[in-house]
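Asks: One structure is given below, represented as structure tokens, and several questions about it will come after.
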Amino acid sequence: MGEGVHISGLGFISSIGNNAKQVLESLREHRSGIEYHRFLEPDLSRVRSGGTVKGFSFPSHGWATWTFPEHLEVPRNLLRSLSPHGLYAYYAVEEMLAHSGLSRDALSDGQTGLFCASAGSPFLLHHYLKQMDESGGKRGHPLGVVSSISGTLNFTLGAHYGIRGGNLGFVSACASSSHALAYASEEIRHGRHERMIVVGAEDFTAESILPFAAMRALSFQEGTKASRPFDAARDGFVGTGGAACLLLESEASLSARGGKSLARLAGWGQASDGFDMTNSDPEGTGLTTAMNKAIKDAGWTTSEVDYINAHATSTPVGDLSEGKAIRAFLGPAIEGIPVSSTKGLTGHGLSLAGALEAGICTLCLQNQLIPGNANLESVDPAFAELLLPVSPEPRALNKILSNSSGFGGSNVCLAFEKA
Amino acid sequence: MISEITIREKLAGYPEPVLEACLRYRQDRRHEDLDSLIVGVLFFLLDLDPGANPDKLGDATRLREDLQVESITIAELLFVVEDLFDVEVANQDLAQVRTLGDLKRFLRSISDSINSIE
């Protein structure tokens, strides 16, 4: 298994809070970040809800028109290169740095790496490509590419923070930032880095979210109750954006600087369905395998798991296959191990989801709290055997699992342990 | 000629003096207004207040050494100019631009060629 990998810093910009304290309060109070939302003007789609990110606005593609919380100064030369989710990510990284106490010198010592996950910024990409089309290729913003393509977080944050360790991105759709965390942990386990900064982030714009309506994956329900994982009335996911940043750190680095371990990333597993581009294997076989690999990597038994943070996005098909996967994984232990999806409160952050939920799991372990399944008013009979709390509850937590599943049937399970 | 509405769209979020300099230049084509526009845009990109940094406004101010201007900043400034005036600036033309004075003279020469065409 190797040396312990500690989570020693957190940062959030999310629909349920713009810092760890707010996110925890929202979890405790079961407070949703989802509201009535229209993405376009006029919006002729049937989508009526979103996990809105508060305190930020992007009225145009020009950074000079953007507004953001004033408690942090955003360096102008960085701002000019950022996408909306890059700006969210900057706030999350800065909170992580303040939270962890990691010195800025450590960022450039060659022992700190940066792994990121986002789909890029379709909002900016669309604008710049339109500009190219309209000008016959004559006109193009010099930062058009680096601010908009997948990888933008690595380019911009890596340069800004002077990262001299590894710097790369992950593109497994909704499993991306879980993959980023998993491979970041490997970097520390194998002694290649002492510290890994992991960022998952997405824009919250029409360009990032609405195309999923064409796949019939989005909920058409309105407002707070639209995201309802495991509920019989679920009809699709609610999109959200934001950023989550976690600092993973070796035992040696943490001790040397007197840092605090918030939780440990004890192990992980991955397996794919090999079934379909967009839909998960109906039997959830890939996810079951990923979960079994995760606990094996962590050196746990099934019955030692105290809680499972499900991927469940509130889609009819996806939740069903995860339900089967969890049932197959837990076996006889199924009655005693609670399962919840926090996407009922946050919405589905796509590439952001894995990191956001890892951050939530860290808060859960620190505070001995299980989030409830929001909007679970009528449990789909397919999940009758699962223990699905509808409200947050205090619980003794030592070992928890977090699932993420992406397009192409890519499944990742992360195993977190109390510090 | 680019419309006032389009100028306001393209310079949305920029400081008012920058917009005013551009509108004045559009109207009267005076070099002083073009200089104000260029310096205004450059300083906004650098997050420098021209009013608070009068010592950096002279023609001898070196772009790289005194203002820490990088090539990408010049590229962005030129993009704003290209976009406002529908011109193209070739990379090799920039090779000799080292000071604020060089930059102003360079952009004046481009605007003079626009004026002569119109």
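Asks: Looking only at the stretch A:40-63, which residues are more than 21 Å from the chain's Cα centre (by Cα), of a type outside the set (D, E, K, R) and more than 14 Å from chain B (Cβ to nearest Cβ)?
Replies: A:L40, A:P42, A:L44, A:S45, A:V47
Asks: Which number in (1) at the interface with chain B (Cβ under 10 Å from one of its Cβ atoms); (2) in contact (Cβ under 8 Å) with a residue 60 or more places away in the chain; (3) surrounded by 18 or more Cβ atoms within 10 Å (Cβ to Cβ) marks the one condition that A:W66 misses?
Replies: (2)
Asks: Restrict the check to the stretch B:71-89 and report whether at least one residue is assigned to a helix (DSSP H, G or I), within 14 Å of chain A (Cβ to nearest Cβ) and farther than 25 Å from B:I2 by Cβ.
Replies: yes
Asks: Keeping to the stretch B:27-49, report how many residues are over 18 Å from A:W63 (Cβ atoms) and buried (at least 18 other Cβ atoms within 10 Å of the Cβ).
Replies: Total satisfying the criteria: 7.
Asks: Next up: Would you confirm, using the coordinates I've provided, whether A:R139 is assigned to a loop (DSSP other than H, G, I, E, B), in contact with a strand residue (DSSP E or B) (Cβ under 9 Å, 6 or more places away or on another chain) and of a type in the set (K, R)?
Replies: Considered against the rule, which asks whether it is assigned to a loop (DSSP other than H, G, I, E, B), in contact with a strand residue (DSSP E or B) (Cβ under 9 Å, 6 or more places away or on another chain) and of a type in the set (K, R), A:R139 comes out as no.
Asks: A follow-up question, please. Answer yes or no as to whether B:L57 is more than 14 Å from chain A (Cβ to nearest Cβ) and buried (at least 17 other Cβ atoms within 10 Å of the Cβ).
Replies: no
Asks: List every residue pair whose Cβ atoms lie under 7 Å apart, where the two residues are 6 or more positions apart in sequence or sit on different chains, the first residue falls within the stretch A:10-31 and is among the charged types (D, E, K, R), and the second residue, located anywhere, is part of a strand (DSSP E or B) and crowded, with 20+ Cβ neighbours inside 10 Å.
Replies: Pairs found: A:E25/A:G17.
Asks: Which one is farthest from A:E186 (Cα to Cα), of the residues in the stretch A:205-249 that are part of a loop (DSSP other than H, G, I, E, B) and out of contact with any strand residue (DSSP E or B) (no Cβ under 9 Å at 6 or more places or on another chain)?
Replies: Only one residue tops the list, namely A:A233.
Asks: Which one of the conditions (1) basic (K, R); (2) within 14 Å of chain B (Cβ to nearest Cβ); (3) closer than 30 Å to A:S185 by Cα does A:R76 fail to meet, given that it meets all the rest?
Replies: The failed condition is (3).
Asks: Here is a further query. Tell me the residue from A:S250, A:S227, A:S208 that is under 22 Å from A:I163 (Cβ atoms), at pLDDT 95 or above and hydroxyl-bearing (S, T, Y), please.
Replies: Of A:S250, A:S227, A:S208, the one residue that is under 22 Å from A:I163 (Cβ atoms), at pLDDT 95 or above and hydroxyl-bearing (S, T, Y) is A:S250.
Yes/no per residue for (1) farther than 18 Å from A:E385 by Cα; (2) touching a Ser or Thr at 6+ places or on another chain (Cβ under 6 Å):
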position: A:G299; (1), (2): yes, no
position: A:D306; (1), (2): no, no
position: A:A310; (1), (2): no, yes
position: A:L350; (1), (2): yes, no
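The values are calculated or read from the model by the stated rules, or taken from the named source; none is laboratory data. Everything numeric here is computed off the predicted structure, so don't read it as measured data. Please note: Cβ atoms are built from the backbone with ideal geometry, for glycine as well, and neighbour counts cover all protein chains shown.
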